[in-house]
Structures are given as C-alpha cells and as structure tokens.
Amino acid sequence: MLGLRQNWPQFALLVLVSAFVGAMVGIERSVVPLLAERDFGLGSATAMASFVAAFGVVKAVTNLIAGRMGDRFGRKRVLVAGWLFALPVPLLVIAAPSWSWIIAANVFLGVNQGLTWSTTVIMKIDLVGPARRGLAMGLNEFAGYLAVAASALGTGLLAQRYGLRPEPFYLGIGVAVLGLVVSVLFVEDTSAHMRAEAASVGRAEERDASGRATEKSPTFGQVLALVSWRDRRLFDVSQAGLVNNLNDGLAWSLFPIFFATAGLSVREIGILSFIYPATWGTTQLATGALSDRWGRKWLIASGMLLQAVALGSMVAFTGFMPWLEAGVLLGIGTAMVYPTLLAAIGDVTHPTWRGSAVGVYRLWRDLGYAVGALSAGVLADVFGMGVAILAVAAATAASGLLVAIQLPETHSRIVAVK
C-alpha cells in the first residue's frame, strides 16, 4: 500500500539513514579545505578544489549506476553496498601523508554518497506514491542537509579545540558504522511498492525521436537521452540541478579559504559552514510540502535567483555577520530548489524507470560539484575569489531565468487546476 501514513515506520527509518548519509559528507566541509592549506601546503585554489571535483565526478557517475542497479536488483542491496564504501573514508583522512590520500578518500566518499543518497531518495518516492512526493523529498533533504550542517559544525568545533586531525574524523567512523548496521538490520526493500504503483498507472511509455508516445519501456540509453536533452521538462530540471550544485561546489571548496583569508577563526568558519546547509535543511520541511500545493516551476526559478543574490552579497559585503546573513539567504534559495527538482522528476517519469531517471538527473546535478569547484578554482587563481563567486552567481541567475521562461509546470494537480 502506498502513502506516507501507511508506511511511516520505514519512511522514518529512511529519514534517519539520510541523516547518516549527510553527516558523512559534512565531516569534510569545514576542515578538509583548511587541511589543504595548513597540513599539505597547497597554495593554488584549483589544487585545493580537486578533492571536491573528485568527489563530484565519482558521485555523479555512481548516481547513474545506483538508479539502474536499484531498478534491477532491489533498493536495499544498493544501499548496503554504499555503506561499505563509507568505512575507509575517515581512516584515509586521518592517516593521509599526502594530498593524494585525501583525493582517494573522496573517491570512496563519492561512491558512498552516490549509492546511499540516490537509493534513499528512490525508496522514499516508492513508499509515498504521487500525492505527497514533494513532502517526502523535503523530509529526505531536511534530514540529510541538517546532518551535513551539524557534522560540519561539530568537526569545526573539534578542530578548534584539538586540531585538524584526527579527532574531528572520529565522528565519521561512528556515522559509517551506524549507517551500515541500521541499513542491514532494519531497512526493508521498497521494490514491491514501486511495482504496486506501476500496476496502478499502467504500462511505461517512452518517446520516439519525434516526441510521440510508444508502448515500449525505454532502455537505459533512452532514459539517459530523455533526461539529458530529449524531454524539455527533464532537461530544464537537470540543468538547474547541475547549476545548483555548481554553487555548492564553490561553497564547499572555496568559502572556508575565502573566510580564512579575511581573518576569521576556525570556529567562525565552522559556524558559517553550518549556517548554509542548516538553513537549507530545515527550510526544506516547508518548501517540499509547498511544492505539492503551489507547483514546482516557480519555486525552482525563484530559488535559483535568490541563490544568485546571496552569492553576490558574499562579495558586496564583508565580515562575519554579513556572510552569516548571506548564508541564510543561500540556504533558503537552495531549499526552494533541491526537493522540488526531485519531485519534478517523480512527476514526469514512470515508476518502472523512475530510479534510472533519478540516477541520470543526479549524474548531471552532482557533476555540478566538479564543474563548480574546478571552474571557481581556476577563476580564483587567475582573477581572485571575488570574481569566481560573482561568475557562479551569474550562472545561477541565468539558470533560474531559463526555468522561468521554458519549464512547464509538472505537478499533475496544478496542471489540472489550470
């Protein structure tokens, strides 16, 4: 049976697992950029950003595989496999004698995040059905990114007291073990719920080259083409996801160094690393549900534009409090976009190939980490960090305008009312 109320015990358990997933990536956000500069002597912003780029590329490709594997072999197996890749991450960072070990840790982290986060998203969509999809994604992203924020703050405070290594990363060891144990012992597979929804909506459709519906279920290559460029709605969602994570890649790789250059302490950097994902995480409780009532399009477009304003204000104003306020704005804008994009994917894809479609979307979205980190790093090395931040702000604004101009509403209830 589909529905949030009918499946709340498993749904709540998956929310907890999402929190563990977010906490794994949060352990790096405030400390690893400082390790690059202070422990390994990296002076180039591009070199410092390389760990985010490695993470983004690996996670993006793993997302693609995770969705298809979940459709074929079941969701739980993919989830458990993802946690096995989490176990080496904190150990590699603690023991790292060179920057290459940090890159290797982020390869493992990328696989972990791609398998676990993609799978928990798909499993929640399986459980709730179409009516509460936005709320489900809001709860998923709330748990994940609030945990990112708490983990970033926790490691920052530990680093302030004990140093950059090893104490902050003991947190990661505990999270990885807990995530694996809970997933193995308590999480149940949701493939049966997917099949129940598929039976209720009929056979899957694909689109041929002229856009006409056919009865054959799409192959993986056809899903890749549909999400990437052939379906206008899915293309608009994918490009917005990529640009959204482009500015998050910037925030992760360069903001701690940007703040440190201005003279902020490790504690203040930890707070700023906390406030953006914390606002993002908590606000998604509202924005995901609101997208079920108001529709997807205008939350996405206005959220992208608000992010652009927030990034511009990072350059226009200087100091801890202005940057704290900008982080809040950036978090609100991201919250308007993040769960809404996932809900839009669910709106327009058939249950039998939805996992693959989510994987393709997350491929493009998480490539934004690599694009954002590397492009911002190059721009920062050549023109300075302020120019890098403004360039990403301009790209974010352009993406929001494209959604406003081109994306049709995807929520069936909103379309029906119109």
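Where a number appears in this text, it was derived from the coordinates with a stated rule and is not lab data. If you're wondering where the values come from, they're calculated on a predicted model, not measured in any experiment. Here the Cβ positions follow ideal geometry from the backbone for every residue, glycine too, while neighbour counts run over all protein chains shown.
Ranking ILE94, GLY303, LEU42 by Cα position along the charge dipole of the chain, where only Lys, Arg, Asp and Glu carry charges on their C-beta atoms, puts GLY303 farthest toward the positive end. Comparing GLY138, GLY22, GLY74 in a Gaussian network model of the chain (Cα springs below 10 Å), the most mobile by mean-square fluctuation is GLY74.
Relative contact order, percent, of the stretch 73-192 when contacts are C-alpha pairs under 8 Å separated by at least 6 residues? Display every interim value, and only then the final one.
Working: 104 pairs, mean separation 48.4, N = 120.
Here the relative contact order equals 40 percent.
Couplings 3J(HN,Hα) for the stretch 221-229, derived from phi with the Karplus relation 6.51 cos²θ - 1.76 cosθ + 1.60 (θ = phi - 60°), are x, 5, 4, 4, 5, 4, 6, 7, 7 Hz, where x marks Gly and Pro.
Note on the chain: GNM, Cα springs under 10 Å; of SER183, SER291, SER30, the largest mean-square fluctuation is that of SER183.
The magnitude of the dipole of the chain, with charges of +1 and -1 set on the Cβ of Lys/Arg and Asp/Glu and taken from the Cα centre, is near 860 debye.
Report relative contact order for the chain in percent, whole number only (criteria: Cα-Cα under 8 Å, sequence separation at least 6). The normalised contact order for the chain reaches 27 percent. The stretch 367-387 and the stretch 260-278 have Cα centres separated by 19 Å. In a DSSP loop and with at most 13 other Cβ atoms within 10 Å, the chymotrypsin sites (Phe, Trp or Tyr not before Pro) in the stretch 292-372 are PHE317.
Hey, what number do you get for the chain at 222 nm if only DSSP H runs of n ≥ 4 count, each worth -39500 (n - 2.57), divided across all residues, to the nearest 500?
Helix-only estimate at 222 nm: -28000 deg cm²/dmol.
Projected onto their three principal axes, the Cα atoms of the stretch 18-169 cover extents of 50, 27, 25 Å, largest first. Sequence-distant contacts, meaning Cα pairs under 8 Å at least 6 residues apart, place the relative contact order of the stretch 215-363 at 34 percent. For the stretch 87-195, the dipole from Cβ point charges (+1 on Lys and Arg, -1 on Asp and Glu) about the Cα centre works out to 160 debye, to the nearest 20. For the chain, the residue among GLY56, GLY400, MET123 whose Cα projects farthest onto the positive side of the dipole built from Cβ charges is MET123. Here the Gaussian network model covers the chain, with springs between Cα atoms less than 10 Å apart; of PRO168, PRO408, PRO277, PRO408 fluctuates the most. Our note on the geometry: Cα centres of the stretch 113-177 and the stretch 3-76, 8 Å apart. Placing unit charges on each Cβ (+1 for Lys and Arg, -1 for Asp and Glu) gives the chain a dipole about its Cα centre, and among GLY263, ILE103, ALA192 the Cα reaching farthest toward its positive end belongs to ALA192. Given the alternatives [x] 21.0; [y] 29.0; [z] 23.0, Kirkwood radius over Cα pairs in Å as computed for this entry is given by [x]. Inverting the pair-averaged 1/r between distinct Cα atoms of the stretch 214-268 gives 14.1 Å as its Kirkwood hydrodynamic radius. Which aspartates and glutamates have a Cα lying under 19 Å from the Cα of LYS124, excluding residues fewer than 8 positions away in the same chain? Correct list for LYS124: ASP71, GLU141, GLU188, ASP189, GLU197, ASP292, ASP347.
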